[in-house]
Amino acid sequence: QVQLVESGGGLVQAGGSLRLSCVVSGRTFRSGAMAWFRQAPGKERDFVAAISWSWSGGSTDYADSVKGRFTISRDNAKNAVYLQMNSLKAEDTAVYYCAAGWILTTTRNNYDYWGQGTQVTVSS
């Protein structure tokens, strides 16, 4: 059974930083992609960032709203993916979800496995 477990969320002041982690168990991914989505209260779950699985390097993609502030990375040996979030803004407040799928895409429905989410709250 594939499980994705996020951690690293919390409360931070605007302008601060947080690093989210997502560890995958039950399966070792050698292809496909990992992604982060977020969902604010009363809103849709939106794409944040994605990275492809590759031992020689990987492609990344970011939502326009986080480009230049967030960085997605992975550790193949630990079967983990990370989201470094800098210069946080109040509008970044949301539950952040880790997801795994077969292709690098911004489309939520293309990801087959999801974590339970971790809350990120940015105070202004």
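See the values below:
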quantity	calculated
Highest-MSF residue in the chain out of 103, 51, 72 [GNM, Cα springs under 10 Å]	103
In segment 63-124, chymotrypsin sites (Phe, Trp or Tyr not before Pro) in a DSSP loop with at most 13 other beta-carbon atoms within 10 Å	102
Ratio of Rg to Rh over the chain (Cα coordinates, Kirkwood Rh, two decimals)	0.94
Counting DSSP beta bridges with both ends in the chain, the antiparallel % (nearest 5)	90 percent
Partner lysines for residue 89 [C-alpha distance under 22 Å; skip if fewer than 8 residues away on the same chain]	43, 67
Whole-number percent relative contact order across segment 62-124, with pairs defined as alpha carbons under 8 Å at least 6 apart	29 percent
Cα centroid of segment 1-61 to Cα centroid of segment 62-94, whole Å	7 Å
The chain, relative contact order [Cα under 8 Å, separation at least 6], %	36 percent
Accessible-area ranking of 105, 60, largest first, probe 1.4 Å	60, 105
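The values are calculated or read from the model by the stated rules, or taken from the named source; none is laboratory data. Note that the structure is predicted; figures quoted are calculated from it, not measured. FYI the Cβ positions are ideal-geometry reconstructions off the backbone, even for glycines, and counts take in every protein chain you see. The accessibility values were calculated without ligands, DNA or RNA, using every heavy atom of the protein model including side chains. Shrake-Rupley method; radii C 1.70, N 1.55, O 1.52, S 1.80 Å.
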